[in-house]
1. Considering Thr33, Thr44, which residue is exposed (fewer than 11 other Cβ atoms within 10 Å of the Cβ) and β-branched (Val, Ile, Thr)?
2. Within segment 47-56, take every residue that is touching a helix residue (DSSP H, G or I) at 6+ places or on another chain (Cβ under 8 Å) and among the aliphatic types (A, V, I, L, M) and give me the one that is least open to solvent (accessible area, probe 1.4 Å).
3. If a residue must be under 26 Å from Ser70 (Cβ atoms), of a type outside the set (A, V, I, L, M) and modelled with pLDDT under 90, how many such residues does segment 1-35 contain?
4. Out of the helices (runs of 4 or more DSSP H) lying entirely within the chain, which hold 1 or more residues that are in contact with a Ser or Thr (Cβ under 8 Å, 6 or more places away or on another chain)?
5. Any residue in segment 46-66 that is among the basic types (Lys, Arg) and closer than 21 Å to Phe16 by Cα?
6. So which of Ala59, Ala38 is within 16 Å of the chain's Cα centre (by Cα), modelled with pLDDT of 90 or more, open to solvent by less than 70 Å² (accessible area, probe 1.4 Å) and of a type in the set (Gly, Ala, Ser)?
7. Can you tell me which residues in segment 36-59 are acidic (Asp, Glu) and either within 18 Å of Gly79 (Cβ to Cβ) or in contact (Cβ under 8 Å) with a residue 24 or more places away in the chain (or both)?
Amino acid sequence: MGQPELYPLGVSVAGFSILTLAGTAPAELRRLTERALAKVADGTVSLPVTAEFALEEAADAHRLMGTRTSTGKLLLRVGA
């Protein structure tokens, strides 16, 4: 079922499997990915970062994801 809190707003949520698309239409997936990354590169779409963690703190990042309280991206820093 859907998300009841979205109904009053007339909003719906849909999804698809990237793995299925990669298997059935890899060229289309590549085209969509290139378009999406271009939107990020030109600033049309931003990817908010909630927190950054050193690679050694990956377990902490994973715990935060498990709480489902972060709304942006979690980054793992590799190296200095």
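The values are calculated or read from the model by the stated rules, or taken from the named source; none is laboratory data. Since the model is a prediction, treat every value here as computed from it, not as a measurement. Ideal geometry is used to build each Cβ from the backbone, glycine not excepted, and the neighbour counts take in all protein chains shown. Only protein heavy atoms, including side chains, enter the accessible area calculation; ligands, DNA and RNA are left aside. Shrake-Rupley method; radii C 1.70, N 1.55, O 1.52, S 1.80 Å.
1. After ruling out the rest, the residue left standing is Thr44.
2. Ala51
3. The qualifying residues number 10.
4. 26-41, 58-67
5. Looking for residues that are among the basic types (Lys, Arg) and closer than 21 Å to Phe16 by Cα, one finds none in segment 46-66, hence no.
6. Ala38
7. Glu52, Glu56, Glu57, listed by residue number.
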